[in-house]
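A short reminder: the numbers here are calculations on the coordinates, not readings from a lab. Remember, it's a predicted structure, so these values are computed and weren't measured experimentally. Here the Cβ is made from the backbone with ideal geometry for all residues, glycine too, and neighbour counts use every protein chain on show.
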Amino acid sequence: MSTARRRLLPLDSRALRLETMDRLVLRGRAADPPGRPRGTVLLLTGRSEFIEKYAETMADLVDRGFAVRTFDWRGQGLSSRLLAERRTGHVGRFEDYLDDLDLMITTCGAEAPAPLLVMAHSMGAHIALRFCADRPAAAARITRLVALSPMLRIVTRPVPYGFARLIAWTACRLGLATTALPLRDPVEAADNPLTSDPSRAEDQAFFERIAPELALGPPSWGWLDAAFRSCARVLARGRLEAIRIPILLAVAGTDRIVDPATTLQAAVRLPAADFVAIDEARHEILKERDPIRARFWAAFDDFVAEIRAEVA
């Protein structure tokens with residue numbers, strides 16, 4: 001696939017601007033296919049990501065006849081940052097992300113063609129699943145959910161998971177909630193845990209060189225503590241079991257960012273879930289090598305073919 005397709009937003013796409021109840025600005029983007037859309041896909045990014053990184057995915061969806069809507073979460077991309085040190089990824093509570101998603105779904109409902117699907121990666125997939133569990137009435141507007149490498153249990157090795165939770169909790173109680181974790185950016189690691197595709201691995205850095213204001217560094221201790229608490233909430237007994245929306249879970253078999261075993265366990269608990277397990281994939285399935293991406297897109301096409309049959 002050409003580099004241009006990955007590094008240029010769809011030519012006919014347009015900017016969106018949303019204002020939250022707490023007076024933050026969310027930067028969004030809309031793209032529509034020629035002719036009548038099959039529906040709208042709301043694309044939710046992961047932590048530290050931004051709209052431009054998903055240019056190729058937007059084009060893939062538009063080619064399939066879908067309208068696409070996406071946005072930068074609060075605290076990242078070109079949406080409002082929450083700290084004076086803008087490179088620290090911070091949020092005090094994940095409920096704020098749920099509010100952002102609610103706002104975007106409401107916006108889509110007002111102007112985007114139905115039915116509404118959600119495609120979400122990592123942190124975005126976590127937020128989507130929690131939204132479905134916490135706000136079932138609002139989530140009823142979602143026809144289908146595609147969750148790639150959902151952040152249900154963060155990999156903390158070599159630190160034991162429970163001890164990592166205790167460290168984050170303690171750091172926040174010591175007044176370090178807005179302090180960044182002392183972590184190295186995984187994209188800079190010699191053995192990239194995000195993707196095995198060397199070219200696609202450079203896409204995020206390419207955009208950050210052009211527009212340094214897009215870049216985000218390590219999360220804060222407050223973000224990590226909130227993430228642990230939110231993961232525990234989603235995985236609590238009865239939470240996943242209450243989600244009735246049809247879901248496709250895409251599991252990266254060699255994921256070192258989130259735990260793939262937890263995702264497979266979640267698939268069993270979800271009443272209307274199917275999954276595609278891609279053993280050789282690393283965390284970012286949509287940024288993987290073409291044969292790996294093809295396996296995901298084949299599963300996606302089967303999943304959305306059912307929608308066409310239902311709404312025809």
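Using +1 at the Cβ of each Lys and Arg and -1 at the Cβ of each Asp and Glu in the chain, identify which of 249, 278, 11 lies farthest towards the dipole's positive end.
The one lying farthest along the dipole's positive direction is 249.
What spacing in nm lies between the two simple spin-label points modelled at residue 157 and residue 191, each 7 Å away from Cα in the Cβ direction?
Using points 7 Å along Cα→Cβ, the separation is 1.0 nm.
Grab the DSSP H runs of the chain that are 4 residues or longer, score each as -39,500 (n - 2.57), total them, divide by all residues and round the 222 nm result to the nearest 500 deg cm²/dmol.
-11500 deg cm²/dmol
Taking the Cα centre of the stretch 202-312 as origin, work out the dipole magnitude from +1 charges on Lys and Arg Cβ and -1 charges on Asp and Glu Cβ, in debye rounded to 20.
Dipole magnitude for the stretch 202-312 comes out near 480 debye.
From the phi angles alone, apply the Karplus equation (6.51, -1.76, 1.60; θ = phi - 60°) to the stretch 163-173 and give each ³J(HN,Hα) in whole Hz, x where the residue is Gly or Pro.
Here the 3J(HN,Hα) series is 5, 4, 4, 5, 4, 5, 4, 5, 4, 5, 5 Hz.
Any chance you could run the full-extension gain for residue 268 through residue 241? It's 0.36 nm times the residue separation minus the Cα-Cα distance, nm to one decimal.
Length gained, residue 268 through residue 241: 8.8 nm.
Counting Lys and Arg as +1 and Asp and Glu as -1, what is the net charge of the other residues whose Cβ lies under 10 Å from the Cβ of residue 247?
Summing Lys and Arg as +1 and Asp and Glu as -1 gives +1.
For residue 83 and residue 36, what is the calculated FRET efficiency with R₀ set at 45 Å and r taken between the beta-carbons, to the nearest 0.05?
0.55
Computed over the Cα atoms, what is the radius of gyration of the chain divided by 2.2 N^0.38 Å, N being its residue count?
With N residues counted in the chain, Rg over 2.2 N^0.38 Å equals 0.93.
How much length is gained on full extension from residue 213 to residue 114, taking 0.36 nm per residue of separation minus their Cα-Cα distance?
That pair, residue 213 and residue 114, stretches by 32.3 nm at full extension.
Where in the stretch 43-57 is the amide nitrogen less than 17 Å from a point lying 7 Å along the Cα-to-Cβ axis of residue 18?
Those under the cut-off are 43-52, 54.
Taking neighbour counts of Cβ atoms within 10 Å as a proxy for exposure, in what order, fewest first, do 141, 29, 244 appear?
With the fewest neighbours first, 141, 29, 244 line up as 244, 141, 29.
Evaluate the charge dipole of the chain about its Cα centre and quote only its size in Debye, nearest 20, assuming +1 on the Cβ of each Lys and Arg and -1 on the Cβ of each Asp and Glu.
580
Fewest Cβ neighbours within 10 Å first, please rank 151, 104 accordingly.
The most exposed by this proxy come first: 104, 151.
If amide H atoms are built 1.01 Å from N in the plane of the peptide, which residues on other chains or at least 5 residues away come under 5 Å of the amide H of residue 281?
For residue 281, the qualifying residues are 253, 254.
Report the charge-dipole magnitude of the stretch 153-258 in Debye, nearest 20, computed about the Cα centre from +1 at each Lys and Arg Cβ and -1 at each Asp and Glu Cβ.
Rounded to the nearest 20 debye, it is 780 debye.
Can you work out ³J(HN,Hα) from phi for every residue in the stretch 283-298, in order, using Karplus 6.51 cos²θ - 1.76 cosθ + 1.60 and θ = phi - 60°, giving whole Hz and x for Gly and Pro?
These are the phi-based 3J(HN,Hα) values: 4, 9, 4, 6, 10, 7, 4, 3, x, 6, 4, 4, 5, 5, 5, 5 Hz.
Show me, for the stretch 150-160, the HN-Hα J-couplings you get by feeding each phi into the Karplus relation (A = 6.51, B = -1.76, C = 1.60, θ = phi - 60°), rounded to Hz, glycine and proline as x.
x, 7, 9, 8, 6, 6, 10, 3, x, 7, x
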